[in-house]
Amino acid sequence: MKAQLGEITKKMEESLEPLLLRYQSFSPSEQLIINGLGVLIVIVLVFVLIWMPVYQWKNEKQALYQRQQELVAWINTKAPLVAGRGAREGQLPRGQTLQSVIARDAQRVKIQLQRTEPRGQNLRVWVNEVPFDNLMTWLLALEKRFGIATEDVSIEHKPAQEGSVKATIEFTAG
């Protein structure tokens, strides 16, 4: 490893030697100008390659945060409306289980259930890569049409696709 590093260093010195000799042949004032241009180039490269991407990333994250804050505010304004609905408006069809109704309705709205797990009277469901708006619309429809309430919801943002989420939901029949 040291031998390879020494060999690379030697080749670099050999290739830079003509440039160093040329630099030393310039007058001190010309060398000062060259040094100043070198510093300017380094500053521009730092700005273009480091500062600008970091600044753009920060702006994108701030915009995303703002959109999420607006979504939270919207959800908070709609929560009383949603809470007022629920089991009074719908109920499970006779002879059908909570699991069968949820599975059939998920197929209807093209939401693929990754996994389901009965938990007493409740049903836990895992959903992977679904648009957030579609998921919320589906949850509201389940509650309105069948009186199926959500006991617990855990939602994670999927960075692979904008607006896509991964969710774990625990349902209960009203």
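Here are a few things to note about the model shown:
- Residue-level analysis places GLU170 among those that are of a type in the set (Asp, Glu), within 29 Å of LEU64 (Cβ to Cβ), under 25 Å from the mean Cα position of the chain (by Cα) and open to solvent by less than 40 Å² (accessible area, probe 1.4 Å).
- For GLN96: the one exception among (1) surrounded by 10 or more Cβ atoms within 10 Å (Cβ to Cβ); (2) in a loop (DSSP other than H, G, I, E, B); (3) more than 38 Å from the chain's Cα centre (by Cα): (3)
- Filter result for ILE111 (out of contact with any helix residue (DSSP H, G or I) (no Cβ under 9 Å at 6 or more places or on another chain) and either β-branched (Val, Ile, Thr) or under 30 Å from THR172 (Cα atoms) (or both)): no
- Within region 113-134, tally of residues that are in a strand (DSSP E or B) and exposed (fewer than 11 other Cβ atoms within 10 Å of the Cβ): 1
- Some residue of region 147-159 being basic (Lys, Arg) and in a strand (DSSP E or B): no
- Of the set (1) within 18 Å of LEU71 (Cβ to Cβ); (2) surrounded by fewer than 16 Cβ atoms within 10 Å (Cβ to Cβ); (3) within 14 Å of the chain's Cα centre (by Cα), all apply to LEU140 but (3).
- The selection criterion, being open to solvent by less than 20 Å² (accessible area, probe 1.4 Å) and either touching an Asp or Glu at 6+ places or on another chain (Cβ under 8 Å) or of a type outside the set (Asp, Glu) (or both), holds for ILE102.
- Identity of the residue in region 145-174, among the basic types (Lys, Arg) and out of contact with any helix residue (DSSP H, G or I) (no Cβ under 9 Å at 6 or more places or on another chain), that ends up modelled with the highest pLDDT: LYS166
- Among residues of region 139-161, those that are polar (S, T, N, Q) and within 20 Å of GLY120 (Cα to Cα), counted: 2
- Options LEU21, LEU37: the member that is over 30 Å from THR168 (Cβ atoms) and exposed (fewer than 10 other Cβ atoms within 10 Å of the Cβ): LEU21
- When each of ILE8, ILE41, ILE75, ILE34 is tested for being at pLDDT 95 or above and not polar (S, T, N, Q), the lone residue that passes is ILE41.
- Pairs where the first residue, in region 22-49, is hydrophobic (A, V, I, L, M, F, W, C) and the second is in a helix (DSSP H, G or I) and surrounded by 10 or more Cβ atoms within 10 Å (Cβ to Cβ), C-beta under 7 Å, 6+ apart: PHE26/ILE34; ILE34/TYR23
- Selection status of GLN68, touching a helix residue (DSSP H, G or I) at 6+ places or on another chain (Cβ under 7 Å), surrounded by 11 or more Cβ atoms within 10 Å (Cβ to Cβ) and modelled with pLDDT under 95: no
The values are calculated or read from the model by the stated rules, or taken from the named source; none is laboratory data. Note that the structure is predicted; figures quoted are calculated from it, not measured. A quick note on method: Cβ atoms are made from the backbone with ideal geometry, for glycine too, and the neighbour counts reach across all protein chains shown. Quick note on the areas: whole protein, heavy atoms, side chains included, nothing else; ligands and nucleic acids left out. Shrake-Rupley method; radii C 1.70, N 1.55, O 1.52, S 1.80 Å.
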